[in-house]
Amino acid sequence: MSAGGPVVIVGGGLAGATAAESLRERGFEGEIVVFGAESHLPYERPPLSKAVLLGDKSSDDAFVHDEAWWREHDIDVRTGSEVQSIDLAGRRVVTTRGEQPYEWLVLATGSEPRHLRLADESGKPVHYLRTVEDSLALKDALTEGARVAIVGGGWIGLEVAAAARKVGASVTVHEGADLPLFAVLGPEVAQHFADLHRDHGVDLRLGTPVTSEDLSDADLVVVGIGAAPRTGLAEAAGLEVDDGVLVDELLRTSDEHVLAIGDIASQLHPVLGRRVRVEHWDNAIGQGKAAAATITGSAEPYATLPYFFTDQYDLGMEYFGNVGPDGYDRVQTRGDFSGPFRAWWIRDGVVVAAMQANDWDASDATRESVGQAPPEA
């Protein structure tokens, strides 16, 4: 493909990095500029709550590519350079270091942890987990005997709990729902995760809001109560925003020269038939590749089903699909949660989501079951 106008990518995470990489793979020879507000080259975030926090990998392993790779592929990565505004009419972005024109703009600004005032005002060391620095600081704080209070029983909270128990810290998880992961997995499967953590010595305090008194005995507090999409830049520019930047099946925003991908993209999903915003690793890669396809003129609707994985203690799990606001009628399971285990969430006789735990040979079949009739019991 011949050179085209400049492609500007705002965001130094996996989604933006994948878009840039995929453009070169597709033969795009034009200028590519990646703006990252952090001082680091683009990196992946899942290891920060998994392998890096556990000490199994260094933070350097999270980087998508080293500096030499970006230079060899003629991709201008500008770290520590924040985009302050977008001029849609003039097709340019204004940054802390000046202006940059674009023919195509890809917004991949990601999300940021939701803060909890109760924790922030507790007088305790409070940790949120989003950046490399966050992960390394938390890793240093998770020591044997440390009393760790975790607010939020979602994926981040439970992964931190597992890491903390590995080093011998005392862990209490505060979750307002009746079970951890209740909103995602429902009571049938969420109960297994509750049992898993209790079996490893975690004190789960469920079904009641956390109070200041709950945090008083902790040495440190970790808050994992979800994340909010960073849509301020898009909204200020006049793009359509509603819990994410609204994009169509080709990831195009309300401006034909602007795409949005990753955590911030509220996509009209061609398979699910509704809007969905996904904050996971696989989606960042898939939408980065899809954005490059749109820019290079070979676009196809982004139809990949949402996917998530987690590692907690000796359990590794993959989850495919999305139950969505309509919920499910029943859950069908196979196996024992302490060994190979599979589950299917079913609505109107069709699998809307499926997972496998410690059953890696079943990954493909689990993924392919979504949208089909459930397997025989």
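Values in this text are rule-based calculations from the coordinates and carry no lab data. Since the model is a prediction, treat every value here as computed from it, not as a measurement. Cβ sites come from the backbone with ideal geometry, for glycine too, and all protein chains shown count toward neighbours.
Data table
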quantity	calculated
Listed values (1) 27, 59, 13, 0; (2) 17, 21, 16, 15, 12, 8, 6, 4, 1, 0; (3) 27, 56, 17, 0, entry calculated as P(r) over Cα pairs in 20 Å bins from 0, in percent	(3)
Potential lengthening between Arg330 and Lys166 on full extension [0.36 nm per residue; Cα-Cα distance subtracted]	55.6 nm
Between helix 182-199 and the chain: long-axis angle, C-alpha atoms, 0 to 90°, nearest 10	50
Spatial separation of Cα centroids for the stretch 13-43 and the stretch 215-293, in angstrom	17
Within-11-Å neighbourhood charge of Glu144 [Cβ basis; K, R +1; D, E -1]	+2
Ranking of Val370, Val171 by count of other Cβ atoms within 10 Å, fewest first	Val370, Val171
Reach of Lys289 by Cα under 14 Å, taken over aspartates and glutamates that are not fewer than 8 positions away in the same chain	Glu21, Glu25, Glu249, Glu300
Volume in Å³ per residue [convex hull over Cα atoms, computed for the stretch 237-345]	120
Electrostatic dipole magnitude of the chain [Cβ: Lys, Arg +1; Asp, Glu -1; Cα centre; debye, to 20]	260
Cα long-axis angle, helix 132-141 against the chain (0 to 90 degrees, to the nearest 10)	20
The chain: angle of helix 281-295 to the longest principal axis, Cα-based, in degrees nearest 10	20
Proximal lysines relative to Lys139, as straight alpha-carbon distance under 16 Å, when same-chain residues fewer than 8 apart are discounted	Lys50, Lys57, Lys166
Segment Arg117-Lys57, length gained on full extension (0.36 nm per residue, minus Cα span)	18.4 nm
Helical contribution to [θ] at 222 nm, DSSP H n ≥ 4, -39,500 (n - 2.57), averaged over the chain, rounded to 500	-7500 deg cm²/dmol
Options Val370, Pro306, Pro113, ranked by Cα towards positive dipole end of the chain, top entry (Cβ charges)	Pro113
Euclidean distance of C-alpha centroids, the stretch 321-352 and the stretch 95-144, integer Å	33
